[in-house]
1. Could you look through segment 304-323, keep only residues that are under 11 Å from SER370 (Cα atoms) and open to solvent by 60 Å² or more (accessible area, probe 1.4 Å), and pick out the one that is nearest to the chain's Cα centre (by Cα)?
2. So GLY546 clears everything in (1) crowded, with 21+ Cβ neighbours inside 10 Å; (2) out of contact with any His (no Cβ under 9 Å at 6 or more places or on another chain); (3) in contact (Cβ under 8 Å) with a residue 60 or more places away in the chain; (4) of a type in the set (Gly, Ala, Ser) except one condition, right? Which one?
3. Please find, among LEU395, LEU382, LEU433, the residue that is surrounded by fewer than 20 Cβ atoms within 10 Å (Cβ to Cβ) and modelled with pLDDT of 85 or more.
4. Pull up segment 150-184, narrow it to residues that are closer than 17 Å to ASN209 by Cα and among the small types (Gly, Ala, Ser), then point me to the one that is surrounded by the most Cβ atoms within 10 Å (Cβ to Cβ).
5. Could you tell me whether PRO283 is modelled with pLDDT under 80, exposed (fewer than 13 other Cβ atoms within 10 Å of the Cβ) and within 30 Å of LYS418 (Cβ to Cβ)?
6. Cβ-Cβ under 9 Å, sequence separation 6+ or interchain: first residue in segment 498-518 and at pLDDT 90 or above, partner part of a loop (DSSP other than H, G, I, E, B) and of a type in the set (A, V, I, L, M). Which pairs?
7. If we only count helices (runs of 4 or more DSSP H) wholly inside segment 180-253, which ones have 2 or more residues that are free of Cβ contacts under 8 Å to residues at least 24 places away in the same chain?
8. Inside segment 436-449, can you point out the residues that are part of a helix (DSSP H, G or I) and either open to solvent by 10 Å² or more (accessible area, probe 1.4 Å) or free of Cβ contacts under 8 Å to residues at least 24 places away in the same chain (or both)?
Amino acid sequence: MSIQTFDDTRHLTGENGEFLGNSFAHSKTFSMATPFLTTSTTLSLSLSTHLHRLSSSLSSTCFPFKPNLHRVPRNPSLLASYGNPHLLFNHEDHHSTYKSLLTTRVLGPKSNFLQMGPSETSCSREILVKSSASDSSNTVISTLSQKVFGVLHLVVSLGIVLAMDKFLKQAFVAAAIKFPSALFGMFCIFSVLVILDTTIPAAATSLMNFFEPALMFIQRWLPLFYVPALVVLPLSVRDIPAASGLKICFIIAGGWLASLCVAGFTAIAIRKIVKTEMVDAEPMAKPSSFAPIEFWTWGGIFLASFVSAIFYPTALGTTARTCLPFLLASTVLGYMVGSGLPSAVRKVLHPIICCALSADLAAVAFGYISQSGVDAVLGDYLTKVSSNPGAGDILMGFLGSVILSFAFSMFKQRKLVKRHAAEIFISIILSSLFSLYSTALVGRLVGLEPSLTVSILPRCITVALALSIVSLFEGANSSLTAAAVVVTGLIGANFVQATLDKLRFRDPIARGIATASSAHGLGTAALSANEPEALPFCAIAYGLTGIFGSLFCSVPVIRQSLLAIIG
């Protein structure tokens, strides 16, 4: 057998000239004993072929390049191995060195590729770890950016709604218009959305999506905005005699139930007459529940501001501003606690009741500890002075934006509104007339003083419009009007769902119209918290009841007929 070498690559040939494989040496030709050479050559070929296959597999799996596995740097020490008895050992050392160089070049100095263990390689583990870490980092950054964008979106959209409400108020005051600006704005927004939906549907959809965060915020906290009038109710009814108070409560409670029945049954009857088939309402999203962090945050605000107000009553300039944080926190906490009660309990004790009781208890506690009296604290809760606002003034400042938001809810159910326009308008008109005339008649039957009867005539109409209605009558008590409206809403908020279930009003149209026509805003807030699909019809009835009530009382003939019944 002979060995021929070219450069660094040695070609092994047999006695008949056949090609046996490659090895490495200097460029020279020499001969060896056959036994040693045969054994060495066989092992060398086996190792070389095995390493070549492994390296090819590795390079195709982990790396885009293919290293040259048949070239290594020249090693002079290898020359001495040839021609001595230790050729086999030295040849194996050569391949060991070759394997070490290959491992270092391809896998790196700390590779565990050839160790026993799992089938996955070290490089694949490293790539997977880096990929997972990168994906996790990108997810965190994406989530954080989405939250920041969501907060900014909410602030901008809600700010626009509040600014719109303020602008309309100022414009109506400057024009000496007594009609509620928010109701006008609600119908204007609804009209704009309908026009856009007819001409440019994409624009209407984009507008709805833009204001969606503000709408969900308002819907989530809706009952809070109607609570201040209920919190200060003790101040409104103090001067009313007990006997007259009982008669008023009887008229309000009985009138609420009668108005609810009239509105609901009328809507169903008109639907049967016009033979309009009832279809499902568009699904409405429900606001998210309250998280524990929200509860503890408001609890911390309450404790810190309560203690601070006791020791420093005018720390923020006035007592109203100083009491504002803990009175606002007590109102919010009461609503959260009430919302977390079991459903069976909420049917009897609505979250609005818990909300008002929580604020009143905080006022009583602060009045007792500070020795200022509960009346003074309640006076600071709702000052009705823009330069010195209290907690109630802050909450009631959202009422205009609440009414504006109803336009978007109505637009979502525009198909149903159009489909059931007959029962909606007819039932609201009849319910408004029934409420006015039944109150006047029952007041005379129970012997209530005429001035008090006139004051509670608009009991089913929202406060803003109710006050403008009683201003058309002489001798009316506006404080009693506000109290009557609040008590009506309180009764409706607490018992409306159970009553609707007993009367078997199933569809959202009848439930929404009956609720808002009999209990205005507070009833609307209570029902929509659990039945958002009824909110659009509550909004329609809420606005139209006030509008038709104002129009009816503005007609001299109707106004004189009401006074004649009252006596």
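1. So in segment 304-323, the residues under 11 Å from SER370 (Cα atoms) come out as 306-307, 309-313.
Adding the requirement that they be open to solvent by 60 Å² or more (accessible area, probe 1.4 Å) leaves 307, 311-313.
Values: VAL307: 32, PHE311: 38, TYR312: 37, PRO313: 36 Å.
Step by step, filter segment 304-323, then rank; the result is VAL307.
2. (2)
3. On the way: LEU395 fails: surrounded by fewer than 20 Cβ atoms within 10 Å (Cβ to Cβ); LEU382 fails: surrounded by fewer than 20 Cβ atoms within 10 Å (Cβ to Cβ).
When all the criteria are applied, what remains is LEU433.
4. Residues of segment 150-184 that are closer than 17 Å to ASN209 by Cα, as a first pass: 150-161.
Of the ones still in play, those that are also among the small types (Gly, Ala, Ser) are 150, 157, 159.
Values: GLY150: 11, SER157: 19, GLY159: 12.
Within segment 150-184, the match that is surrounded by the most Cβ atoms within 10 Å (Cβ to Cβ) is SER157.
5. On the way: modelled with pLDDT under 80: yes; exposed (fewer than 13 other Cβ atoms within 10 Å of the Cβ): yes; within 30 Å of LYS418 (Cβ to Cβ): yes.
Considered against the rule, which asks whether it is modelled with pLDDT under 80, exposed (fewer than 13 other Cβ atoms within 10 Å of the Cβ) and within 30 Å of LYS418 (Cβ to Cβ), PRO283 comes out as yes.
6. Final answer for the pair search is ALA514/LEU503.
7. On the way: elements: 181-199, 201-210, 212-220, 228-231, 233-236.
Per the criteria, 181-199, 201-210.
8. As a first pass, look at segment 436-449 and keep what is part of a helix (DSSP H, G or I): 436-445.
TYR437, SER438, LEU441, VAL442, ARG444, LEU445 - these are the residues of segment 436-449 that are part of a helix (DSSP H, G or I) and either open to solvent by 10 Å² or more (accessible area, probe 1.4 Å) or free of Cβ contacts under 8 Å to residues at least 24 places away in the same chain (or both).
The values are calculated or read from the model by the stated rules, or taken from the named source; none is laboratory data. Keep in mind the model is a prediction, meaning the values are calculated, not measured. Positions of Cβ are generated from backbone atoms using ideal geometry, with glycine treated the same way; all protein chains shown enter the neighbour counts. With ligands, DNA and RNA removed, areas are computed over all heavy atoms of the protein, side chains included. Shrake-Rupley method; radii C 1.70, N 1.55, O 1.52, S 1.80 Å.
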